[in-house]
Every structure is written in C-alpha cells, then in structure tokens.
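See below for the structure under consideration.
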C-alpha cells in the first residue's frame with residue numbers, strides 16, 4: 001500500500017510555545033485515519049501544516065509524495081478540507097458559498113450537491129448570517145463532499161451537528177471510504193472515530209503517543225469483565241492481572257490484562273461460572289488512559 | 001396589561017449596569033462634539049468671518065447640506081446663529097444614528113442572538129424589554145441634553161444664550177428620541193435585526209434628502225418632516241420650543257404603535273417575511289475576484305459616494321471664494337499663494353485633502369484581506385487550488401481600481417460643482433481638476449503599497465498605515481500655517497508631489513513614487529507567500 005500522507009518528525013513553534021514537538025504518522029491509500037487528542041494538543045496545527053496554511057519548522061510532510069508547502073497547489077487539486085469552525089460571509093447565502101467553494105476547488109458535481117443539501121436538510125437560500133453553528137458546518141461539509149478528491153481532511157467536522165446529521169455525515173464518509181479514498185478525520189466524537197477509522201493516531205502535547213488499529217490499541221489495555229460464580233468470587237481478586245476489583249454478593253466487576261486472561265478463566269471455572277460478560281475497552285477508555293496517565 | 005410589562009424596571013437597572021461605560025462615552029463624545037466647537041467658531045467669526053460664512057451658507061448647495069438660518073441679513077448673523085446653523089442638523093443626525101444602533105441592539109439584536117429567549121423564560125413581560133430600552137434611551141437623552149446645554153453655557157459667549165443652549169441640547173436629545181421610536185417600529189416589522197437597523201437608517205437618510213429639497217424650495221414644508229423638528233428650532237435666534245412638542249407627540253405615537261405591533265408577533269420574527277436569497281451563486285461570484293468584490297462592494301460604493309459628495313461640497317464654495325477667503329486671516333494664510341488666483345491655489349490644497357481621503361479606500365481594501373484571514377473565513381479556500389498570489393494581487397487590483405475611480409469621482413465632483421458655481425468667471429477647465437487629482441495618484445499607490453507591505457510581513461500593523469496617512473495629511477494641511485522644517489515635511493509622501501495647478505507637473509517624482517509603491521507591493525507579496533496564515537491563533 002502506498003502512503004497518501006506521510007508525516008515525519010514534524011515540529012512547529014508559535015512564538016515561545018512549542019505547539020508540535022514530534023509528529024509522525026501516515027495515511028495509506030484507501031485508509032481512514034482517526035486523529036484524536038484533547039484541545040490544544042496540536043491537531044489543527046498539524047492539519048494546517050498539511051494544507052500549507054502554515055510552515056513547519058522541522059520534519060517532513062508529504063501528501064501524494066509531494067511537499068505540502070512547496071507543491072501545495074498541486075496537492076490541493078485532489079484534497080477536500082472542512083475546518084472545525086466553518087465561518088462564512090454573512091451576506092452570502094449557503095447555496096452561493098457552496099457553489100463558490102466547489103468552483104474554486106474544481107470538479108464539482110451539481111447533482112451530488114443538490115442531493116447533499118437535501119440529505120443535510122440545509123436551506124441554501126438563507127443568508128449565512130442567519131445560520132446556526134450546525135448549519136454553517138453543513139455548508140462546509142456539503143462543499144467538501146460535492147467535489148471529487150483523493151484525500152479528505154476533516155477537522156472536527158461534526159461539531160454543532162445533531163445526532164441525525166452526524167449519522168448522515170458518517171454514511172457519506174463510508175461511501176467515500178468504499179470508493180477507495182483516504183480520509184484524515186480529527187474528531188472529539190470517539191464513537192464516530194470508532195465506527196469509521198481503520199487506524200487511530202493519538203496526539204498529546206504536540207507528540208504522537210499512540211498509533212495503530214483499534215484492535216492493536218485494545219491489546220495494550222484491559223477489558224472489563226463481569227463475573228458471577230457459585231463459589232466465593234473474592235478469590236479472583238488474588239489472580240495476577242486483575243485490577244479495580246469490585247464485589248457485590250457473588251458477582252464481581254474488574255479490569256483484566258489481556259495476557260493474563262487465561263489464568264483468570266482457569267480460576268473462574270474452578271469456582272463454577274454462573275455468568276460471564278467481557279467488554280473490550282472503548283476508545284474512550286483508551287483516550288482517558290492516555291490523557292490522565 | 002400590567003403583566004405585559006412585568007419587571008421592566010429590573011431590566012432597566014440591568015441595562016444601566018451593563019451600559020454605563022457606553023453611556024459615558026456616548027454622552028461625553030456626542031455632547032462635546034455638539035457643544036465643544038464654540039471656541040473654533042469664535043475664531044472663524046473674527047474680522048469679517050461671520051459675513052463670509054453667511055454669504056457662503058446662502059448658497060443653495062450649502063443649504064441643502066447644513067440647512068437654513070432664520071437670519072436675513074449678514075449684519076444680524078451672530079456667533080450663536082452660525083453655531084446652530086452649521087452644527088445642529090449634523091449633531092441631530094448623529095444623535096439619531098447612534099440611538100438607532102443602540103435601540104435595535106437592545107431589542108431585535110438580542111432576539112437574534114437568542115439572549116431574549118433566556119430572559120423571557122423568567123417572569124419578564126412581553127414588552128418589558130422594549131419599555132426598558134425606551135426608558136433607558138429617554139434617560140440618556142435627558143442627560144445628554146443637559147450636558148450639551150451646560151457645556152455651551154460654560155463658554156460664556158455673548159450670543160449663546162442660556163435659553164438657546166437648553167433648546168440646542170434638547171433638540172439633539174429629541175432627535176435621539178425620534179430615532180429611537182423609528183427604530184422601535186422597524187424592530188417589530190423587519191425579519192432580522194440587520195434589516196431593522198438598515199431600514200431605520202434608510203428612513204433617516206430619506207428624511208434628510210427630503211428636507212434638503214424642501215429647505216431650498218420652501219422651508220415651511222420642512223416643518224412636516226420629523227427631522228425638521230430638530231434643527232428648525234433655531235436656537236439662539238428664534239427659539240421655537242413648540243417644535244419639540246411635535247417631536248414628543250410623534251415619539252409617543254410611534255412607540256405606542258411599536259408596542260401594539262410587538263404584541264402581535266412571535267419572538268425573533270417580524271411582520272415582513274425573510275427575504276429569500278439565491279439558492280445558486282451567480283456566475284460573477286464564482287472566482288476570487290468575484291468573491292472579494294462581492295464582500296467589499298457595499299463599503300467601496302459607500303466611500304465612492306462620499307468622495308463625490310465631499311468633492312461637490314468643496315466645489316460649491318468656489319462661487320463665493322473671494323468672500324470666504326478674505327474673511328479670515330487663518331483661512332487666507334492656508335489657501336493663498338502669491339501671483340495665482342485664489343481658486344487655483346485653493347484647488348491645490350483642497351485636492352490634497354480630497355485625495356488623502358481617497359487613500360483610505362485602497363488601504364481598507366488591502367487590510368480587508370487580513371481581516372478575512374484572521375476571522376477564519378478563508379480556511380476552506382486555502383485548501384483549494386486558489387493561490388496566495390491570486391488573493392494578494394486581486395486585492396491589490398481592487399485597491400488600484402478603487403483608487404483610480406475614487407480620484408475620478410472626487411476630482412470630478414469638485415471640478416463640476418466648482419465650474420457650475422463659478423459660472424463664466426472660471427479660470428480653470430474641468431481637465432485642470434482631473435490633472436490635479438491624478439497628479440496625486442502616486443501618493444495613493446504609496447499608501448496602498450505600505451498596506452500591502454504590512455499584509456505580507458506584519459499584517460497586524462495594517463492599521464498603522466491609517467496613522468501614517470493621518471500624520472502626513474496633517475503635516476500637509478498645516479504646512480502653510482506653521483513654519484515646519486523641510487525634513488519634517490518630507491516625511492509625508494504628499495509633500496513630494498507638486499500642487500497642481502499652481503505648480504507644474506513633475507514626471508520624475510510621479511514615476512519614482514510609483515515605482516517605489518510597486519516595489520513595496522512586490523516585497524509585500526514575497527512576505528505574504530511565505531508567512532504562516534494567521535487564523536485566530
């Protein structure tokens with residue numbers, strides 16, 4: 001697989017603040033990469049460097065094998081971008097702005113545009129100053145999704161959208177994904193990333209702290225197990241790899257290390273299993289582990 | 001009924017707490033502007049100044065701008081009469097405009113912002129907010145009127161009587177209340193707050209234009225104009241208090257209408273439907289140029305109209321130039337040069353003034369690109385194949401175009417009115433005016449170049465270019481008055497340019513300044529291409 005986006009050792013300083021210290025990751029062809037991290041971690045800065053809006057201080061960043069700063073125009077012909085805070089010209093209507101963005105990008109599909117306007121339930125004849133945050137975001141999304149690109153960069157694209165519209169967005173992204181396009185999706189809505197992303201990149205304080213598929217990341221952490229036994233469930237607490245043990249009658253809930261799962265199950269069968277539920281860690285658990293710890 | 005206004009007093013107190021700084025600035029600013037020019041007028045009135053002014057202001061063009069005076073002969077024209085004649089109409093207009101912005105800001109704007117929804121969820125009556133706003137406005141204008149009167153009286157000028165001072169202040173206060181009641185009505189009718197502000201200002205503009213016509217044709221007709229109930233009170237001369245009663249009745253009636261209208265509408269909606277915009281963009285919008293023109297069209301048109309009016313205003317003086325200039329030592333010193341006609345020497349100076357004004361527009365156009373950038377509106381455009389060069393040079397192009405048209409309109413406005421005013425006594429042709437105007441084109445380009453340079457290398461300093469413009473304007477304006485050293489004068493770009501038609505055109509200077517300006521633009525471009533875009537960071 002060839003890499004569409006290739007970022008290596010990216011650094012950026014704003015005045016005295018080192019916004020990016022070491023950012024390295026890649027997006028392969030046809031891959032959806034979830035880019036997550038708390039506010040101020042450097043997500044938007046990284047994306048702005050990728051778009052050639054700001055210049056990196058050190059490191060390498062390439063899209064389609066081309067330098068993001070020097071060859072930005074060639075790159076932009078095949079890139080669609082939606083910022084997290086779409087701001088619009090108050091005296092233009094949503095429809096006008098969508099048309100303008102499509103024209104300036106080139107290669108837009110009028111039919112697709114009208115369909116998206118319908119699906120996102122946007123009133124294109126309203127002046128942008130009358131739009132809510134969610135509606136402004138829709139304008140950005142419709143413009144980006146109506147043109148044909150090879151790489152889609154979304155920076156918290158669904159902020160302000162209601163769950164129904166979030167659903168529409170996710171369906172549209174799946175369509176793009178199915179047609180083999182690459183997507184870099186920065187988001188706070190972890191269920192969205194969980195659903196769409198093949199790979200996850202976690203950034204913290206300007207550094208990439210974790211990269212991998214959701215499965216790979218899950219392995220690094222613990223599952224939550226609920227267990228009820230005939231014998232005294234308290235004995236489980238003594239097994240290696242059991243954490244946060246909580247008991248209620250003969251039922252217990254605890255976190256279990258994946259490499260010790262066998263020992264735990266052996267002990268459980270000794271006690272006679274009445275009920276067993278194992279929940280893999282959610283992305284939220286992963287996220288919290290990285291940010292709190 | 002009482003329920004409808006429930007707790008307006010709570011809101012009123014809240015408004016005062018929220019607005020007290022604004023109110024201070026409003027009362028001090030407008031108050032000092034309205035009353036503080038007495039010493040300057042005393043200066044003008046010296047020698048034969050009153051006579052000169054009286055003659056100048058008899059010109060129909062001037063009457064249509066500043067209004068009439070009840071005085072019939074120059075001998076009766078006093079300082080007080082002149083002060084009211086020249087100041088009252090404009091101060092009344094300002095008072096109305098500020099009040100309209102304030103009233104709509106507290107009513108419909110807060111509905112549009114969704115603040116009102118929260119407020120109304122408490123035990124607050126439907127009309128409580130409007131009533132609180134209205135009472136606050138009355139409160140502000142009573143203070144403003146008294147403040148103006150006290151400032152006027154404090155100058156202890158002979159013809160500025162105590163009664164006239166109070167009437168002068170009260171007229172400006174009444175103007176504000178009339179504006180408030182108009183705004184209160186449009187706030188109920190219009191679909192959005194910006195439409196409410198726009199239509200209220202439009203009504204004022206229309207009233208101003210109508211009175212310009214009736215003032216010239218028959219002043220009695222202006223008495224039917226709400227705007228007429230302010231400046232036609234003639235403070236310091238005839239003191240027509242009765243007109244203020246008309247204003248008061250009008251304000252009360254209009255406010256009652258506003259409250260009735262408010263009773264029948266939904267929160268956040270007016271009586272007129274929201275105008276539907278275009279579902280698809282026009283072809284002319286679909287380019288960087290189309291976009292940049294579209295978002296600046298209003299501002300550019302506004303300034304261009306202002307240039308014509310400014311030009312025409314100065315042009316109308318040419319008829320009585322002799323009287324005007326001879327009337328006053330200071331004025332004479334500023335505008336006179338030996339061995340050329342006063343008209344020509346006046347043209348040289350006034351063209352510098354006009355073209356300095358014209359320079360504001362290209363600076364604003366170039367600075368606008370940075371405003372767009374920092375407000376994040378271009379983020380999605382940066383990610384398309386639009387180049388930074390396209391954005392930069394299109395902005396410069398629009399700036400250049402508006403400079404050329406601006407000079408054309410300013411010089412044309414000045415020239416054509418001047419020619420008309422001088423009738424067959426003219427010593428100049430219209431071409432002389434255009435030549436004098438375009439002679440200053442390099443200075444306009446230079447300011448554009450400075451703004452472009454700032455945009456490329458230090459975009460936050462774009463506003464400093466205005467300061468330099470103001471600085472170099474002042475140096476040039478008072479050049480003849482103060483004995484300034486050569487090197488100081490030379491720090492202003494306009495000083496390098498000869499004053500046509502009294503001085504000869506200088507090709508070398510013209511080309512050198514133009515080339516310097518182009519260099520600034522190119523250097524600016526180099527910076528713009530390589531710097532980080534600043535997006536609210």
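The values are calculated or read from the model by the stated rules, or taken from the named source; none is laboratory data. Note that the structure is a prediction, hence the values are computed from the model and not measured. Note that we place each Cβ from the backbone using ideal geometry, even for glycine, and neighbour counts take in every protein chain shown.
Does residue B:515 satisfy the condition of being at pLDDT below 85 and on the phi < 0 side of the Ramachandran plot?
no
With the checklist (1) under 22 Å from residue A:110 (Cβ atoms); (2) not in a loop (DSSP other than H, G, I, E, B) in hand, flag the one item residue A:149 doesn't pass.
For residue A:149, the exception is condition (2).
Going by what's in this entry, would residue A:140 be described as within 16 Å of residue A:157 (Cβ to Cβ) and at the interface with chain B (Cβ under 9 Å from one of its Cβ atoms)?
Yes; evaluated as a whole, the condition is true for this residue.
Can you tell me how many residues within segment B:390-421 are out of contact with any helix residue (DSSP H, G or I) (no Cβ under 7 Å at 6 or more places or on another chain) and either over 20 Å from residue B:359 (Cβ atoms) or not in a helix (DSSP H, G or I) (or both)?
1
Only one of A:37, A:15 is at pLDDT below 90 and crowded, with 17+ Cβ neighbours inside 10 Å; which?
Answer to the check: A:37.
Inspect all residues belonging to segment A:35-57 and state whether any of them is over 28 Å from residue A:217 (Cα atoms), free of Cβ contacts under 8 Å to residues at least 24 places away in the same chain and more than 9 Å from chain B (Cβ to nearest Cβ).
no
Applying the selection to segment B:253-290, what residues are within 8 Å of another protein chain (Cβ to nearest Cβ), surrounded by 13 or more Cβ atoms within 10 Å (Cβ to Cβ) and part of a loop (DSSP other than H, G, I, E, B)?
Of everything in segment B:253-290, those that are within 8 Å of another protein chain (Cβ to nearest Cβ), surrounded by 13 or more Cβ atoms within 10 Å (Cβ to Cβ) and part of a loop (DSSP other than H, G, I, E, B) turn out to be B:274, B:277, B:278, B:279, B:280, B:281, B:286, B:287.
Quick check on residue B:369: is it surrounded by 20 or more Cβ atoms within 10 Å (Cβ to Cβ), within 30 Å of residue A:83 (Cβ to Cβ) and either at pLDDT below 85 or within 14 Å of chain A (Cβ to nearest Cβ) (or both)?
Yes, satisfied.
Just to be sure I understand, how many residues within segment A:252-275 are at pLDDT below 85 and in a strand (DSSP E or B)?
Within segment A:252-275, residues that are at pLDDT below 85 and in a strand (DSSP E or B) number 1.
Return the residue satisfying two criteria in turn: it lies in segment A:66-110 and is more than 22 Å from residue A:128 (Cα to Cα) and free of Cβ contacts under 8 Å to residues at least 12 places away in the same chain, and of such residues it is nearest to the other protein chains (Cβ to nearest Cβ).
Once the filter is applied, the top-ranked residue is A:73.
Can you work out which of the residues in segment A:111-134 that are under 26 Å from the mean Cα position of the chain (by Cα), assigned to a helix (DSSP H, G or I) and within 25 Å of residue A:177 (Cβ to Cβ) is farthest from the other protein chains (Cβ to nearest Cβ)?
A:119
Go through segment A:193-219 and give me each residue that's surrounded by 18 or more Cβ atoms within 10 Å (Cβ to Cβ) and at pLDDT below 85.
Matches in segment A:193-219: A:214, A:217, A:218.
Search segment A:144-165 for residues being free of Cβ contacts under 8 Å to residues at least 60 places away in the same chain and in contact with a helix residue (DSSP H, G or I) (Cβ under 6 Å, 6 or more places away or on another chain), and hand back the single one that is nearest to residue A:4 (Cα to Cα).
That would be A:146.
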